[in-house]
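This report refers to the structure that appears directly beneath it.
Just so it is clear, none of the values below were taken in a lab; they were calculated from the coordinates. In this text the structure is predicted, and so the values were computed from the model without any measurement. All Cβ positions, even for glycine, are placed from backbone atoms using ideal geometry, and neighbour counts span all protein chains on display.
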Amino acid sequence: MRLIILLSLVFFVATSLATLLLYDNGQVSMIWGDWVIETSVSFLIAAVLIGFIVGYGLLRFILNVWHLPLFWRRHRRLRQYSKAETAMAKGMIALEYGDWHKAEKQLIKSAKNSDAGLVHYLSAAKMAHNQKAFSRRDQYINQAREVYPAEYVTIGLVEARLLSEDKPEMSLAILEALYEQQPKNPTILAEYAAGLKKQGYWQTLAEILPDLKKTRALDSLEYAELEQQFWAGKLATAANEAELDMVWQSLSKKQQLVPDILAEYVEQRIGWDQEVTLEALLERAIKKQWNDRLVYQYGRLTLGPAFERLKVAEKWRKMQGDENPVLLLTLGRLACKSQLWALGQGYLKQSLKLRTEVETFHALAQCYEAEGKENQAALTYKEAILQLENK
């Protein structure tokens, strides 16, 4: 629309000027020293217009020639960007098909020429890692760090994740260094906490738990789970009874009944032949929340009359039914300890039908031995060995 209006205006002015010149061509005189130039107005206007057009064209030509190197550089750069984007697209498609070698090759091909070069390097490192080509993986990580030094956090996080499998200590060291530089970064905090938990550095994990909660690096459920795992880990790694009791007493009554935490405490106490109060603790915790591991440990207790525990476990059976192999194993053990041989053997055989476990075979063989059936016990041990060989 604007072009039409402009052309109409030009046409109107040109027509008006032509009409005026046809009516009176006019005369123009120009004096320059001894020189006198006389011409008509129409010729002067035509000469000025032609001069302007020629001058403008010549100026544009000179400018284009002047900017020609810049134009070609930009054109070459655009082509490089286009190739880099094409290579990334091919790499992502190869990744979807699980062709890690092709994906790596395409991604690294144009990494230097892409605006998303960091993505190229890090994705190629992941592809090399998937092929267990660790030297190439490390090479791509180093290249990314050289080209994009300001992105050290992103590069460090990716490197730590990749190294967590084959070099967990180095992975943790990288996360520790990142944490020291950015202690309030939620992503770094979450990754560092996961690394500490995996390596069992419970004391260091205890130090960063307040920061994890304050920065909300984990949601409430994740934080609660990590806190449970922390206390369970502290109990599992207690060096002696004094340390175990100190950790246990620092827990609230509610925490002491959490299955994962209580299971580690019971495991340690059973290992040290300190079973006092465990029976009541396990019964209370199982009543609050069913947990197979706690039920399994209940059957391993040796302190006190087994028949009383058998009566409690029979109540659980009425609620759980006969489809839980762990409960049936516990019932079998308790019945055998109560010298109810046939009942115990029946429970153990029923457990084996649901889940074939070497430990259940062993419990059954011990029950036969306690009853004096040595031949039957030997056959059961033999069957257990066969099951172990077939696994």
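General observations
- Of the residues HIS120, HIS129, HIS362, the one with the fewest other Cβ atoms within 10 Å heads the list, and the complete ranking is HIS362, HIS129, HIS120.
- Sequence of TYR56, TYR368 once ranked by neighbouring C-beta atoms within 10 Å, starting from the fewest: TYR56, TYR368
- Exposure proxy shown here: for SER135, SER8, the number of other Cβ atoms within 10 Å sets the order, fewest to most, as SER135, SER8.
- The Cβ shell under 12 Å around LEU226 holds other residues with a net charge of -2, Lys and Arg each +1, Asp and Glu each -1.
- Segment LYS311-SER252, extension gain: residue separation times 0.36 nm, minus the distance between their alpha carbons: 18.3 nm
- Cα→Cβ-extended label distance, 7 Å offset, between LYS197 and ASP166, nm: 2.6 nm
- Kirkwood Rh in Å, taken over all unlike Cα pairs in segment 305-391: 12.9 Å
- Rounded to the nearest 20 debye, dipole of segment 305-391 from Cβ charges on Lys, Arg, Asp, Glu: 300 debye
- Estimated FRET transfer efficiency when R0 is 41 angstrom, pair GLU180-LYS288 (beta carbons, to 0.05): 0.50
- Multiplying the residue separation of GLN139 and ARG216 by 0.36 nm and subtracting their alpha-carbon distance yields 24.3 nm.
- Segment ILE53-ASN240, extension gain: residue separation times 0.36 nm, minus the distance between their alpha carbons: 57.5 nm
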